[in-house]
Amino acid sequence: MSRIPLPYNPKVLELFRNPKNLGKMDDATVSAVAGNPACGDMITFYLKINEEEVIERASFESYGCAANIATSSIVTEMIKGTSLEDAWKISWKRVTEAVGGLPSVKFHCGVLAVGALKRAIRKYYKNKGASPEWLEEELSFEEKQALEEEELAKMLSKRMKLEGEK
C-alpha cells in the first residue's frame, strides 16, 4: 500500500516548518485543549488577556500533522491584539482561507484550532464568573465538532483495546 503525500500549499508548509507563537505560555491568563492523543491531533492554546479583554499574546502547543500546526499558528496570529468578542467570531472556514486552503480531509484541523480557541474564551469567562451577552450558552459549531472528534477517538481507542485483548 503506497501513501501519497497530501497536497499542502506553500503557506501551510511554511507555517508547519516555521510556526509562529509555538510553545507553552507560563503566565497565560487561560489555556484550553482540543483533540485527543488517541487520534493523533491535539492542540493546547494559551491566551494572555488584559483588563480590557484584549488578547495581548497567544501561543500553542500541538501534537499533530502539518495542517494542525499551520492552523494553530495562523489562529494565534489572527487573534493577537483583538478583543475576545472579535476572536470569538473567527470561523474554521476563515482559518482555512488564511492558510491558503487545506485538503478536505484536513478541514478538521481548522475546526480543532478554532474549537480550542473558543474553549479558552469560554473558560476565561467561566473562571471570571460572568459571561458577556455575545457569548452564547450553546456550544459553537467548532466546539461541538471538537467534542464529537474527542468522543469518537475515545470510542475507537476502547474498541482497539478490546480487539487487542482477544
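Every number here is computed from the coordinates shown, using simple stated rules; none is lab data. Given the structure is predicted, the values throughout are model-derived calculations rather than measurements. Every residue, glycine as well, gets a Cβ built from its backbone with ideal geometry; the counts of neighbours run over all protein chains shown.
Hand me the trypsin sites (Lys or Arg not before Pro) from segment 75-106 located in a DSSP loop with no more than 13 other Cβ atoms within 10 Å, in residue order please. Intermediate values should be presented prior to the final figure.
Values: sites: 80, 89, 93, 94, 106; in loops: 80, 89.
Hits after loop and neighbour filter: 89.
Annotation for segment 69-166: GluC sites (Glu not before Pro) lying in DSSP loop with at most 11 further Cβ atoms inside 10 Å of their Cβ are 133, 136, 137, 138. The lysines within cross-link reach of residue 11, meaning a Cα-to-Cα straight distance under 18 Å and a gap of 8 or more places when in the same chain, are 20, 93, 106.
Here each label is just a point 7 Å from Cα along the line to Cβ, and for residue 24 and residue 165 those points are 3.3 nm apart.
Dividing the C-alpha radius of gyration of segment 10-165 by 2.2 N^0.38 Å, with N its residue count, gives 1.03.
Let me have the 222 nm mean residue ellipticity of the chain computed from DSSP H runs of 4+ only, each contributing -39500 (n - 2.57), with the sum over all residues rounded to the nearest 500. Computed ellipticity for the chain at 222 nm equals -15500 deg cm²/dmol.
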